[in-house]
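Working notes, structure below.
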Amino acid sequence: MKTPFLWRLQDACDLVGAKLEVIPGAGNAGRITLASGRVRYFHRLHWDLNTLGAAAIALDKDATARVLKPLGYTVPTGRAFSNDGRLTRSIASAYEYAQRLVLPVLLKPNDSSSDQHVNVVYTRAQFYAAAREVFAASAKLLVQRIARGSDCSIVVLDDEVLMASEKTRPYVLGDGRSSIGTLITASRRRQKAAGHAAELRVDDVRIRRHLAHADKTLQTVPNAGQRIELLPCGNLGVGGDVRVVTDVLHPKLRTLTIQLVRDMGLRLASVDLVLSRPSDEPPQRCTVLEVNSAPGLDTHEREPGWSRRRVERVRRILVALDRDL
């Protein structure tokens, strides 16, 4: 049974005269024979576009920052800590560094592109608990000063922007009657009914931490129309939303991102940024959070033509697979 991704890939292959062969039992993986006769492979979000070395460096957030900073890009102030078998000592060293940055700080795995296990911590107890959670999922813990601004993600393919979106951090709107916990549950039901991912859970400890910092709990009843931010990060998988800004992205931001992907030695990548201005204005302060060499191409857009645009993005990747650089 084909997944939505494979249906879009099949449509794109039909447009360019390519043959798609899906590997049985391998999920979203297979072989594409292009009209030129060239054979290319894909596995989930990975395509035969990026070299192995460049893709591996992009997966390592600390290494990515060390590549970009000498080239003049702004990256978050931070440091990676390894678990060398002495977990308590490793966390203590990381906490000493966090104190120098001054709490709150951001903790996250050094090798993950999702918002799972990403935590903003305000106290020592929260730091130690979150650090243990990260080390259970990753060999390296990244401690960073929080970059302030709006979240933007830009997908680049060769020398063009394939897609750009502004991220909205997950929130609920009060109705004057329901608790925050009830509002989260209702929002999750609506997302599932609409066919959206709904990974945000009312028992997520990160929500309780974030609410506590604002002197709120899951039992708090917000006023009608009051907006309550639930997490300090904005990926779709944790209940955030997006606004597609591909057509209005400022040319200087477009140029900067294309050059950054080129400097990383990649052909296809998404760049997550924190901007001090909206994405349609000239960039003033632009902090590079991470580079993802296997970007997702879907959003929750529901404007007219959204399905056709998704197929078109895949078609452009197929064209790139048949292009020599």
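Out of the residues in the stretch 260-284 meeting the condition of being touching a residue at least 12 places away in the same chain (Cβ under 8 Å), open to solvent by 10 Å² or more (accessible area, probe 1.4 Å) and over 20 Å from THR168 (Cβ atoms), tell me which one is farthest from the chain's Cα centre (by Cα).
It comes out as PRO282.
How about the stretch 1-50: which of its residues are of a type in the set (D, E, K, R), more than 22 Å from ARG309 (Cα to Cα) and in a strand (DSSP E or B)?
Correct list: GLU21, ARG31, ARG40.
For every residue, the table says whether it meets (1) within 21 Å of VAL242 (Cα to Cα); (2) modelled with pLDDT under 80.
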| position | (1), (2) |
| --- | --- |
| SER179 | no, no |
| THR182 | no, no |
| ALA186 | yes, no |
| LYS192 | yes, yes |
| ALA198 | yes, yes |
| ASP203 | no, no |
| ARG209 | no, no |
| ASP215 | no, no |
| GLN219 | no, no |
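Can you tell me which condition GLN116 does not meet? The list is (1) surrounded by fewer than 20 Cβ atoms within 10 Å (Cβ to Cβ); (2) polar (S, T, N, Q); (3) at pLDDT 90 or above; (4) farther than 24 Å from THR257 by Cα, and all the others hold.
Checking GLN116 against (1) surrounded by fewer than 20 Cβ atoms within 10 Å (Cβ to Cβ); (2) polar (S, T, N, Q); (3) at pLDDT 90 or above; (4) farther than 24 Å from THR257 by Cα, the one that fails is (3).
Only one residue in ALA56, ALA35, ALA18 is within 29 Å of GLN259 (Cβ to Cβ) and among the aliphatic types (A, V, I, L, M). Which one?
Testing whether each residue is within 29 Å of GLN259 (Cβ to Cβ) and among the aliphatic types (A, V, I, L, M) leaves just ALA56.
I need every pair where a residue in the stretch 48-63 that is open to solvent by less than 70 Å² (accessible area, probe 1.4 Å) has its Cβ under 9 Å from the Cβ of a residue that is in a loop (DSSP other than H, G, I, E, B) and of a type in the set (Lys, Arg), sequence separation at least 6 or different chains.
Short answer, once both residue conditions are applied: LEU49/ARG267; ASN50/ARG267; ALA54/ARG267.
Of a type in the set (Gly, Ala, Ser), under 24 Å from ASP272 (Cα atoms), open to solvent by less than 40 Å² (accessible area, probe 1.4 Å) and modelled with pLDDT under 85 - does that describe any residue in the stretch 224-237?
yes
Would you please name the residue that is modelled with the lowest pLDDT, looking only at residues in the stretch 163-174 that are open to solvent by less than 50 Å² (accessible area, probe 1.4 Å) and part of a loop (DSSP other than H, G, I, E, B)?
That would be PRO170.
Out of all the residues in the stretch 119-150, which are open to solvent by less than 20 Å² (accessible area, probe 1.4 Å) and either among the β-branched types (Val, Ile, Thr) or within 23 Å of LEU297 (Cα to Cα) (or both)?
Once the filter is applied, which keeps residues that are open to solvent by less than 20 Å² (accessible area, probe 1.4 Å) and either among the β-branched types (Val, Ile, Thr) or within 23 Å of LEU297 (Cα to Cα) (or both), the stretch 119-150 yields VAL120, VAL121, VAL134, VAL143.
Which count do you get for residues in the stretch 10-47 that are at pLDDT below 95 and surrounded by 17 or more Cβ atoms within 10 Å (Cβ to Cβ)?
Looking only at that region, the number is 1.
The values are calculated or read from the model by the stated rules, or taken from the named source; none is laboratory data. Small disclaimer: the values here were computed from a predicted structure and weren't measured. Reconstructed Cβ throughout: ideal geometry from the backbone, glycine too, with neighbour counts over all protein chains shown. Note: accessible area is taken over every heavy atom of the protein model, side chains too, but ligands, DNA and RNA are not part of it. Shrake-Rupley method; radii C 1.70, N 1.55, O 1.52, S 1.80 Å.
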